[in-house]
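Written below as C-alpha cells is the structure these notes are about.
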Amino acid sequence: MQFITKSHKLNPLTALHPSWNQVVAGIKRATIAGFLMMVALSVLVTDTSAQAQETDGASRRVVILNGTDPYLPAFLALDSALREAIRMESRVPVDFYAETLDMYRFPQKLFDHDVAALLRKKYHGLKIDVVVADATIALDFARRYRAEIWPDAVIVFNSMPTSSLRERSLDPHTIGVPVQLEFGPTLDLALQLRPATQKVAIVAGTADPDRKHLLLAQAALEQAAGRFDIQYLVGLTLAETVTAVQGLLADTVVLYTTMFRDGADAPQVPRDALKRIVAVSRVPVFGVFETYLGDGIVAGSITSYGTQGRRTGELVARVLNGEDPSAIGVQAPVAPHCIADWRQLRHWDIDERRLPADCEVRFKEVTLWDRYYRQVLAVLAVVLMQTVLIIVLMLNYRRLQRAQVALADEYGRRIQAESFATLLCARLARFSKERSLGAMATSISHEINQPLIAIKNYTQAAKQRLQSHFDHKPKVIELLGKIEAQAERAGAITQRIRSLVNASDVQLLPISPGLLIEEVIRVMESEIERRGCDIAYESAGDLPAVFADALQVQLVLVNLLQNAMQSVCSSDQYDKHIFIDLDPLNDQEAQISVADRGPGVPPNQAADLFEPFYSSTSGGMGMGLAISQAIIDAHGGRLWYEPNLTGGAIFRFTLRIADS
C-alpha cells in the first residue's frame, strides 16, 4: 500500500480569517498576493530552462494546468502517470511547466482575472505547444485565456465528466479524455453488498464541483426511486456532517461524493474529510474516486487516475509528434470498474463472494499460505505420503510376522484337511456310482436274465439229445457252443457292472459316440418302460469316433437320463419324451445333448447345478452332476446347462473327435 504524505507550507491562500463572509476583500488581497508569490517563484525556477529552450528548436513545451489543490492525491497520481506517458511516447524533448489554480477550494470569481494577468505576464514571448487541463475548471480557464496566454497551443483535458462535456462546444484544437462518474453502479454495488439497506445517505460539499457531483448522484438516485429512503447531508459543516453520519441507523449506507468546501465555506480536502467521517461511521461508506480507497470507502465503480493520466499523456505525445489534433478529437471515457477495499470488507463483515466476478480487490493481506500454498501443499503431500508409507510398511511387517506363524499352523491343518477331503471325495464318488448302478440294476438284471434263460433252454435241449438213442453229436456241440456264447454274454454284463463300480483312471480310446448312446438306451430300457417315458435319439449321420472312456461316458449319460426321467415322468402334466441329439460342434468336437420338456431349472438355481451336494430333489445327494462334470473335464470336454426354449432343460457335453 502506498502512502502519500502532504507537506504543509505557509501559503497566504490558506491563512484565512475564520469568518470568511466578513473579510472577503482581505481574502481577495491575500489570494492575489499568494499567486504573485507563486508566479514569482515559478518564474525564477523556470526562467533558466525557458531561455535555454529558446535556443533549442527541437524542444516542446507543455503546461500542466491543475484546477485543484496541487497536493491532492488524485492529482498526484494522475500527474505522475501523465508525465511518464509523455516521456515514453514523445519523440521530441519535452519541458514541463506546472500551474495550480486551486479554484475548487477558493471562489473562482475572486481572482480569475488576476491569475490570468499573472500567467499572461509569465508566458509572454514563450511558445507553449500543449496545455494540459486537469479538471473542468482548468479546461474552462484555458479556453477563456488561451488566445492571450498560450496562443496556438493545443488544449488536452482530462477528469471532465461526460455530462459536463455535453454542455460545452469544443474547437478542433481542444481534445481530451473525459471521465465517467458512475454513481448509479456504485449504488447498485452497495445494495448488492448490503441487501438489508433501507436508507441511503448522500454526503457532499458546497463548492461548485461538489454541487455538480451531487447532481450526478441525484440523477442516479432518481432511477432507483422507491427502493429505499434518501437522506441528504449537504450544506452542513464538516463537524455537523460527522455528527449526522455517527447517528445513522444500521440499515443505512453512505454515498460520499466530494467536499472541497463545507456548509461554512471552509476549504476542505475531500480525502481528509472522508477520514473524519469514516472514523465515526457505524455504517459502510461508498464512493467513486480512486483516492478514497484505503481511506475508508468499502467499494465503488471507480475510474483509475493512473489510467486517465496515461491516456492523456498519450494524446499529448501524439500532438507533440506532429499528429493533427482535429484528427484525434475527444476520446472515449475511461471505463470505470468495480474496486473494493479488502480491509473494509472484513471490517463490515461483508462476504467477498458478493462482489462481481471481475471486481478488483485491493489491500488484501497476502499470508505465507496465500503466497506459497502450492509449495506447502506439495511438501505436506510428500511428508504425508512418506508417513503413510512407513506406517503401511510397519503394519505389513507385523502382519507378515503373524501371517507366517498362522501360515505354518494353517499349512499343517490344510494338509490334513486335504487328505481327509480327498478320501471323502473318493468315497462320495464311489457311493454316487453305486447309486447310479442301483438305477441300472433293474435293466441289467433283465438283460442278464435273457442269457441265463437261454443257457437253461440250451442245456435242456442238449440233455434230451444225449438221452436219445440217436447220434446227435453235431447238434449237441452246436448247443454247447450257444451255451458258451450266452455264458460269455452274461460274464460281459457282470464285468461291465464291476468296471463301473471300480473304474477310476480315465482310459481314452477311439470309440463311436453313437454306439455309446445306443448301449446306454438298451441298458436302461426296462426302467424307461417302467416310468412310461420315451427316448428319442437322433444323430447327424455317421460321425467320426471320439476319444472317450466308454464306461465313464455311459455313466454320465445314465445320470443325465435319470435326471430327465425324474423331471418329466413324475407328473402327467409334462411331455414324457426325452430327446438325445448327437451333432458335430466343430472340426474338433462332437456334442451330445439330453433335453426334456419338464419344469426346468429356476434361473436363481442354474449357477449352483454343478456344485457338490446341490440337489433339487429331497432324496438326491447332489453329487451326480458334479461328478459328471469332473468326468467330462477329464476328457477335455465341457458340460453345461441351457434352458429349453419350449420348456424344460437341456444338458450338453462335448467330446474330442479322434481324428483331431
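The values are calculated or read from the model by the stated rules, or taken from the named source; none is laboratory data. If you're wondering where the values come from, they're calculated on a predicted model, not measured in any experiment. Because the Cβ atoms are built from the backbone with ideal geometry, glycine has one as well, and the counts that use them run over all protein chains shown.
Scan the range 277-315 residue by residue and report those that are in a helix (DSSP H, G or I), small (Gly, Ala, Ser) and more than 18 Å from residue 238 (Cβ to Cβ).
306, 309, 313
Can you tell which of 305, 256 is at pLDDT 95 or above and among the aromatic types (Phe, Trp, Tyr)?
Working: 305 fails: at pLDDT 95 or above.
The unique qualifying residue is 256.
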*Give the range 593-607 a look and list any residue that's surrounded by fewer than 21 Cβ atoms within 10 Å (Cβ to Cβ) and of a type outside the set (A, V, I, L, M, F, W, C), or say none.*
593, 597, 599, 600, 602, 603, 604, 605
_Filter the range 284-315 down to the residues that are surrounded by fewer than 21 Cβ atoms within 10 Å (Cβ to Cβ) and more than 17 Å from residue 333 (Cβ to Cβ) and list them by number._
294, 295
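Look through the range 552-592, keep the residues that are part of a strand (DSSP E or B) and β-branched (Val, Ile, Thr), and return whichever of them is surrounded by the most Cβ atoms within 10 Å (Cβ to Cβ). First the steps, then the outcome.
Filtering the range 552-592 for residues part of a strand (DSSP E or B) gives 575-584, 589-592.
Subsequent filtering for residues that are β-branched (Val, Ile, Thr) retains 578, 580, 592.
Working: 578: 25, 580: 21, 592: 27.
Among those residues, the one meeting the criterion is 592.
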*Which condition breaks for residue 324 when tested against (1) touching a Pro at 6+ places or on another chain (Cβ under 9 Å); (2) touching a residue at least 40 places away in the same chain (Cβ under 8 Å)?*
(2)
*Selection count where residues are without any contact (Cβ under 8 Å) to a residue 40 or more places away in the chain and in contact with a Phe, Trp or Tyr (Cβ under 8 Å, 6 or more places away or on another chain), scope the range 355-370*: 3
*Among the residues of the range 127-160, write down those that are touching a Lys or Arg at 6+ places or on another chain (Cβ under 7 Å) and either more than 15 Å from residue 325 (Cα to Cα) or part of a loop (DSSP other than H, G, I, E, B) (or both).*
127, 128, 129, 148, 149, 153
*State whether the residues of the range 451-458 include one that is at pLDDT below 75, touching a His at 6+ places or on another chain (Cβ under 7 Å) and either part of a helix (DSSP H, G or I) or among the hydroxyl-bearing types (Ser, Thr, Tyr) (or both).*
no
_Please count how many residues of the range 316-349 are crowded, with 19+ Cβ neighbours inside 10 Å, of a type in the set (A, V, I, L, M) and not in a helix (DSSP H, G or I)._
3
_Looking at residue 572 and the list (1) in contact (Cβ under 8 Å) with a residue 12 or more places away in the chain; (2) farther than 14 Å from residue 628 by Cβ, which single condition is not satisfied?_
(1)
*Only residues that are out of contact with any strand residue (DSSP E or B) (no Cβ under 6 Å at 6 or more places or on another chain) and under 19 Å from residue 186 (Cα atoms): list them for the range 218-244, please.*
218, 219, 220, 222, 223, 224, 225, 226, 227
*Only one of 197, 186 is touching a residue at least 12 places away in the same chain (Cβ under 8 Å) and surrounded by 22 or more Cβ atoms within 10 Å (Cβ to Cβ); which?*
186
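Take residue 261 and tell me if it is over 14 Å from residue 241 (Cβ atoms) and either in the same structural domain as residue 209 (by TED's automatic domain parsing) or modelled with pLDDT of 95 or more (or both). Spell out the reasoning first.
Details: over 14 Å from residue 241 (Cβ atoms): no; either in the same structural domain as residue 209 (by TED's automatic domain parsing) or modelled with pLDDT of 95 or more (or both): yes.
It is false that residue 261 is over 14 Å from residue 241 (Cβ atoms) and either in the same structural domain as residue 209 (by TED's automatic domain parsing) or modelled with pLDDT of 95 or more (or both).
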